[in-house]
Amino acid sequence: MRDNLSISSTSAGNRSIEWRLSQPESTRLARRWPIRTRSPNSERTAFVLAGGGNRGAAQVGMLSALVEHDIYPDFVLGASVGALNGVAFASEPSRATLAKLYELWTSVSKDLIFPPHRFGNAWRYAQKRAFVYSNNSLEQIIRDNVAIGDLADTQIPTEVVTTNAITGVAFRISTGDPVTALLASAALPGALPQIELDGVFYIDGGISDDVPILRAAELGATSIYVLYCGTIDRGARIRSRPIEAVLDSFVLAKLARLRADLKALGDGARVTILQSPIAQSIPWLDFGHGPEMIDDGYRSASSALSQLEAPRAKPRRFGSARKAADFLEIRLEAPT
């Protein structure tokens, strides 16, 4: 394994929006996070939050571990569900925000995101439209958990990845309506509606750049923490449903892109990939294991970070059995 790569192995309607692309990053990405302003030649840290649907719960635990180790980013990049978690965190990087995300991921359900139809799902697929489900519930989730009116208002500069539905090219949004940007980034083809921005339609950012580490390096990152919703080593799986086979193939393509990007990055930046074995084992569309994925993301990331010689990582204050809810000071009701 290369010295600069560390992998943890422990167990909407039409809206208009403004954006900017590929602008000089040395000043643009520093101005909204004055606490961490530094010279252009000093270390810059990026959090890269990958897509992963229901498995995005694990990223709440990973973010909690990073905060506990006093590791904060200079900028955040996210695709799909990673964009939602990333923008929420970057808007107000605090335990309170992570606690709110904890509550989200331990209460959200499949029927909320993909509600059943009274005539059955077969009727949905017979409709003459390009998507099966409305994004109304997802829009409400975004509004409830992202308390800013413009992406430019995040405390930590943030970039949301979407995909041009015609060209397949990644399109990156760092300013404008966060709701529209996040709906576009999470618009899984066939499942959720495409989002139109100034006459162009956009879909899930994970299709074009699920783990934008090269973009992070382009923006000046010298240390990149990837919050991955699963594991790099997938192992053999028996798929019980056709939709799982489709989504799993999607993940195969994303992993191939990640490996190619890591090779292309070379020694350009140190990459630490945080993983969650439990999240990897959870079936797609199963939203009933949020607490387990959060805790596994927290414990696995904490173990990986404790082994790093990162200059800003400080020793853990708690034992490995501690849960993310304890760190976030959330009181859990005893099971009845």
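Between amide H atoms placed 1.01 Å from N, distances below 5 Å from Phe171 occur with Thr162, Thr163, Asn164, all of them 5 or more places distant or on a separate chain.
With the highest mean first, a sort of the peptides 204-212, 285-293 on other beta-carbon atoms found within 10 angstrom per residue produces 204-212, 285-293.
List the aspartates and glutamates whose Cα sits under 12 Å from the Cα of Lys110, skipping any in the same chain fewer than 8 residues away. Leaving aside aspartates and glutamates fewer than 8 places away in the same chain, those within reach of Lys110 are Asp286. For Thr272, the amide hydrogen comes within under 5 Å of the amide hydrogens of Ser6, Ile224, Tyr225, Val226, counting only partners 5 or more places away or on other chains and with H modelled in the peptide plane. Computed with every protein chain present, the accessible area of Tyr228 is close to 10 Å² [probe 1.4 Å].
Amide H contacts of Leu49: Leu77, Gly78, Ala79, Leu227, each under 5 Å away and 5 or more positions distant or on a separate chain (H built 1.01 Å from N in the peptide plane; Pro and chain starts excluded).
Starting from the Kirkwood Rh over alpha-carbon pairs, what translational D in µm² s⁻¹ does the stretch 166-206 have by Stokes-Einstein at 25 °C and 0.890 mPa s? Can you show the working numbers first?
Working: Rh = 10.3 Å.
Stokes-Einstein gives a translational diffusion coefficient of 238 µm²/s.
Of the whole protein surface, Glu218 contributes about 100 Å² of accessible area at a 1.4 Å probe radius.
The values are calculated or read from the model by the stated rules, or taken from the named source; none is laboratory data. For clarity, every value in this text was computed on a predicted model and none was experimentally measured. A quick note on method: Cβ atoms are made from the backbone with ideal geometry, for glycine too, and the neighbour counts reach across all protein chains shown. What goes into the accessible areas is simple: the full protein's heavy atoms, side chains included, and nothing from ligands, DNA or RNA. Shrake-Rupley method; radii C 1.70, N 1.55, O 1.52, S 1.80 Å.
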